[in-house]
Amino acid sequence: MIKIAFYDAKEYDKPSFERYGAAQEMQFRFLEIRLNEDTVELARGCEAVCVFVNDTVNAAVIDRLYRCGVKLIALRSAGYNNVDVAAAFGKVHVVHVPAYSPYAVAEHAIALLLTSVRRIHKAYNRTREFNFSLNGLTGFDFHGKTVGVVGTGKIGRIFIDICRGFGMKIIAYDPFPATNGGIDYVPLDELLERADVISLHCPLTEQTRHMIDAAAIGRMKKGVVLVNTSRGGLIDAEALLEGIKARKIGAACLDVYEEESDVFFEDRSGHILNDDLLSRLISMPNVIVTSHQAFLTKEALNNIAETTVRNILSYFRNDGICDNELCYRCGSIEQCKQDRKERCF
């Protein structure tokens, strides 16, 4: 029986993980609290931990996990910016879910965009109070508008396909362009200057942190709509707020926020929100915030559980080798030169 400490567990996580885990003789210890330096000891007696995007997996936590006998960190997400992969090398192996449902995230980005542009959220609130006025609800056609897509991995390309269905003009930026798909790649500065809508679909790295800052916003068209369903740290939130106040940003659709770990995934409705910046963003009439829910579909939850369980099994039953390992050995974290034919350490 493989024992796994499952941190930051939500009710929507449990059914699929229990189903797949029971079939493979896994025992999940579901913990509602997040992994950090204060809670790491709860993993003692387990061979693996399963973590999500807001768990803290820094060098100190990794050292404690290693001393507790934990051999594997299994991310139930694609992103791994919350894990010190370099610190884990030589101590604890790290695996992730590279793709669970790119359709879920791309479709949520479109849902946010449609809701914002066509003022669906405002109309919904009005009609519930029997206010059927159309004043202030004017949007714009997607057809013929230029959308700039930053990042053309699976999610970005699906988002592009949806936008093509609306008849939008597509331009994209990616330091590693896709070789097929007929995508018109342009330099980032050109994308910022030309796009009516900008949607972010790239990972958070040292190179991409705050890629949307005051200077980037200054290059954008007046009235641009900004969509972020990737990672909050891609956007300098202070600069975004200033861009909104200056009427440069026409609308912002955010499923992620840089400091979300202290707020998102929990019911804060009975509390005073201490994050003044987030409070001010939410108060803006042209800002829509959802709480990192772009991934949240039945299909995605099923795929996340299935892949995570398969990753754990692969490690423990395949001599420590897993196709989805994140390894620091080769310098290319997701594409190890070992081709997964031998252990990285």
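The values are calculated or read from the model by the stated rules, or taken from the named source; none is laboratory data. None of the values given here were measured: they were computed from a predicted structure. Backbone-built Cβ (ideal geometry, glycine too); neighbour counts: all protein chains shown. For the accessible areas, the whole protein counts, side chains as well, though only heavy atoms, and no ligand, DNA or RNA atoms are used. Shrake-Rupley method; radii C 1.70, N 1.55, O 1.52, S 1.80 Å.
The residue pairs whose first member lies in segment 267-284 and is closer than 22 Å to ALA252 by Cβ and touching a residue at least 24 places away in the same chain (Cβ under 8 Å), whose second member is open to solvent by 80 Å² or more (accessible area, probe 1.4 Å) and part of a helix (DSSP H, G or I), and whose beta carbons are closer than 8 Å, counting only pairs six or more residues apart or on different chains, are LEU277/GLU238.
Of all residues in segment 52-86, those being open to solvent by 30 Å² or more (accessible area, probe 1.4 Å) and part of a helix (DSSP H, G or I) number 7. Pairing each residue of segment 142-170 that is in contact (Cβ under 8 Å) with a residue 60 or more places away in the chain and under 16 Å from ALA195 (Cα atoms) with any residue that is open to solvent by less than 50 Å² (accessible area, probe 1.4 Å) and part of a strand (DSSP E or B), provided the two are 6+ apart or on different chains, yields C-beta distances under 9 Å for VAL150/ALA172; VAL150/ILE198; VAL150/SER199; VAL150/LEU200; VAL150/ILE212; GLY151/ALA172; GLY151/SER199; GLY151/LEU200. For segment 272-321, a tally of residues being open to solvent by less than 30 Å² (accessible area, probe 1.4 Å), farther than 22 Å from ALA5 by Cβ, assigned to a loop (DSSP other than H, G, I, E, B) and of a type in the set (Gly, Ala, Ser) returns 1.
Does segment 110-124 contain any residue that is of a type in the set (Phe, Trp, Tyr), without any contact (Cβ under 8 Å) to a residue 60 or more places away in the chain and not in a helix (DSSP H, G or I)? Checked against the condition, which is being of a type in the set (Phe, Trp, Tyr), without any contact (Cβ under 8 Å) to a residue 60 or more places away in the chain and not in a helix (DSSP H, G or I), segment 110-124 yields no hits at all.
Restricting the first member to segment 62-83 and to residues that are closer than 25 Å to GLY232 by Cβ and of a type outside the set (A, V, I, L, M, F, W, C), and the second to residues that are at pLDDT 95 or above and open to solvent by 50 Å² or more (accessible area, probe 1.4 Å), the beta-carbon pairs closer than 7 Å and six or more apart or on different chains are ASN82/THR56. For segment 35-55, residues that are on the phi < 0 side of the Ramachandran plot and in contact (Cβ under 8 Å) with a residue 40 or more places away in the chain total 10. Give segment 242-265 a look and list any residue that's of a type in the set (A, V, I, L, M, F, W, C) and either farther than 24 Å from THR138 by Cβ or assigned to a loop (DSSP other than H, G, I, E, B) (or both), or say none. Those that are of a type in the set (A, V, I, L, M, F, W, C) and either farther than 24 Å from THR138 by Cβ or assigned to a loop (DSSP other than H, G, I, E, B) (or both): ALA246, VAL256, VAL263, PHE264, PHE265.
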